[in-house]
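Before any comments, here is the structure.
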Amino acid sequence: MIETDIIIIGTGPVGLFTVFEAGLLKLKCHLIDSLPQPGGQCSEIYPKKPIYDIPGFPTILAGELIDNLMEQAAPFKPGFTLGEAAVSIEKQADNTFIVTGIKGTKHKAPIVMIAGGLGVFEPRKPPIENILDYEDKGVEYIIKEPDFYKDKTCVIAGGGDSALDWSIFLAEQKIAKKVILVHRNSSFRGHLDSVQKVIDLAQRGIIELITEAEVVGLSGKDALESVIIHHQKDGEIVKNTDHFIPLFGLKPSLGPIADWGLEIEKGAIKVDTLDYSTNIPGIYAIGDVNTYQNKLKLILCGFHEGTLAVQSAFSRIYPDKKNILKYTTVNGVQGF
Ligand SMILES: Cc1cc2nc3c(=O)[nH]c(=O)nc-3n(C[C@H](O)[C@H](O)[C@H](O)COP(=O)(O)OP(=O)(O)OC[C@H]3O[C@@H](n4cnc5c(N)ncnc54)[C@H](O)[C@@H]3O)c2cc1C
């Protein structure tokens, strides 16, 4: 059991800055994230993009902002449970909460701050009836380790950068034995360079390209053995394959948090702007995951929300102690 003062669900910019603000009040934090690295959207979606509206930084790359926030939080020694989604919460008789991760890791604290952003990223799955039967038996939605596909036949589906880039990589590096790229349109959404490269590889017979077609069925005894493709002009085509990899992107969803008894409005958690508390005393929601009148999904607004939420958390944990605001210029940063 990991015990702390504040459990923060989400290591996006808002969760990370909240560690710093909590630390100034001598409150210790432990963060949980389903992703394997900290940084939320900044690390996962746009690490190399410059951000122009972080106060004091005319421009900063999203990835650099996360590095800086990690450095700023470091004196307060936050704990991390990464690569594990928080799936359940239980209130104890002593008013503390136990938050359990999908791998069974348990965390206990009197305060929970949900900084879950857009939620857990889940793959968009094609509407094939028996697809669940073949998950991890030939069907994957993310390519984690290219060598997993060594000398295998792979049917990749999709028309964006992911589908194009992985098709090129697995075929050009001669990792897969055969790559078949299936896309429902005749044009692609990916970068023009990648589209041109796929067309060139297809003309040279290195990739088999099937456009205006969709994978509509899967079959195989104990594992995937073949896919059924519906072609708009040619009708049904069957291809023997070891893997079917639909790369249709990731969609965020509030996930298990939606079932925790919190008041939800349009996929976000309703909060009181007094202190960003939710309808469950002791649970706060900050950053992109919350909603209130005039809400702006901006990093700087999330920083403000986390700052006010930890002040309120302090009063809940120490109802008899008075907290006097001290400037960092006066007090410095006294780490743990
Ligand atoms: C392309 C792009 C450009 C942007 N540009 C700007 C900009 O210029 N300026 C600006 O201010 N904002 C910008 N934004 C928005 C900004 O990125 C978000 O406002 C910010 O990331 C919100 O931070 P957060 O910490 O609330 O959540 P997030 O960054 O979304 O992080 C939330 C984290 O919570 C995790 N999580 C969710 N549910 C669970 C769970 N159940 N268990 C464990 N972990 C969970 C997620 O995995 C994620 O890592 C941009 C967004 C995008 C996509």
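Please treat every number below as a calculation from the coordinates, not as lab data. Note that the structure is predicted; figures quoted are calculated from it, not measured. We place every Cβ from the backbone using ideal geometry, glycine too, and count neighbours over all the protein chains shown.
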Q) For T4, T329, T96, what ranking results if the residue with the fewest other Cβ atoms within 10 Å of its Cβ goes first? A) T329, T96, T4
(Q) Please arrange F76, F169 by how many other C-beta atoms lie within 10 Å of their C-beta, fewest to most. (A) F169, F76
Q: Please give the calculated 222 nm ellipticity per residue for the chain, where each DSSP H segment of at least 4 residues contributes -39500 (n - 2.57) and the sum is spread over every residue; nearest 500 deg cm²/dmol?
A: -7000 deg cm²/dmol
Q. D193 to I228: extension gain in nm, 0.36 nm per residue of separation minus the Cα-Cα distance?
A. 9.7 nm
Q.
Amide H of G117 versus every other amide H placed in the peptide plane: which residues, excluding those fewer than 5 positions away on the same chain, fall under 5 Å?
A. D288, V289
**Q.** Angle between the chain longest axis and helix 161-172 axis [Cα atoms, degrees, rounded to 10]
**A.** 50
Q: Give, in whole angstrom and from largest to smallest, the semi-axes √(5λ) of the equivalent ellipsoid of region 223-336, with λ running over the eigenvalues of the Cα gyration tensor.
A: 49, 17, 15
Q) Relative contact order of region 125-246: what whole-number percent is it, with Cα pairs under 8 angstrom and at least 6 residues apart? A) 31
Q.
If I stretch the segment between V238 and A93 completely, what's the gain in nm (0.36 nm per residue apart, minus their alpha carbon distance), one decimal?
A. 46.3 nm
Q: Hey, for a label at I45 modelled as a point 7 Å past Cα toward Cβ, could you say which residues of region 294-319 have their backbone N under 20 Å away?
A: 294-306
Q) How far is helix 192-203 tilted, in degrees, relative to the longest principal axis of the Cα atoms in the chain, given as a value from 0 to 90 rounded to the nearest 10? A) 30
(Q) Among I245, I324, I60, which one shows the highest mean-square fluctuation when the chain is modelled as a Gaussian network with alpha-carbon springs under 10 Å? (A) I324
**Q.** Cross-link partners of K239 among lysines (Cα-Cα below 21 Å; sequence separation of 8 or more within a chain)
**A.** K125, K137, K150, K152, K174, K177, K178, K221
Q) Computed from the mean reciprocal separation of all distinct C-alpha pairs, what Kirkwood hydrodynamic radius does region 1-123 have, in Å? A) 14.8
Q) Which of Y141, Y327, Y284 comes first, and how do the rest follow, when ranked by fewest Cβ neighbours within 10 Å? A) Y327, Y141, Y284
Q) Leaving out same-chain residues fewer than 8 places away, which lysines sit with a Cα under 18 Å from that of K321? A) K26, K28
Q | DSSP beta bridge pairing in the chain, given as percent antiparallel to the nearest 5 | A | 50
(Q) Whole percent per 10 Å bin, from 0 to the bin with the longest distance: what is P(r) over all C-alpha pairs of region 125-246? (A) 14, 50, 33, 4
Q) Taking every DSSP beta bridge that has both residues in region 125-246, what percent is antiparallel when rounded to the nearest 5? A) 45
Q | Cα-based Rg and Dmax for the chain, where Dmax is the largest Cα-Cα distance (Å) | A | 23.7, 76
Q. Once phi is turned into ³J(HN,Hα) by the Karplus curve 6.51 cos²θ - 1.76 cosθ + 1.60 with θ = phi - 60°, what whole-Hz value does each residue of region 67-77 show in order, with x for glycine and proline?
A. 4, 5, 5, 5, 5, 5, 7, 3, x, 9, 6
Q) Any idea what the alpha-carbon Rg over 2.2 N^0.38 Å comes to for region 217-278? A) 2.06
Q | Estimated vicinal HN-Hα couplings, Hz - region 85-92 in sequence order (Karplus 6.51, -1.76, 1.60; Gly, Pro = x) | A | 6, 6, 10, 9, 9, 10, 8, 8
Q) Given F148, N240, Q196, which one lies farthest toward the positive end of the charge dipole of region 125-246, if we put +1 on the Cβ of every Lys and Arg and -1 on the Cβ of every Asp and Glu? A) Q196
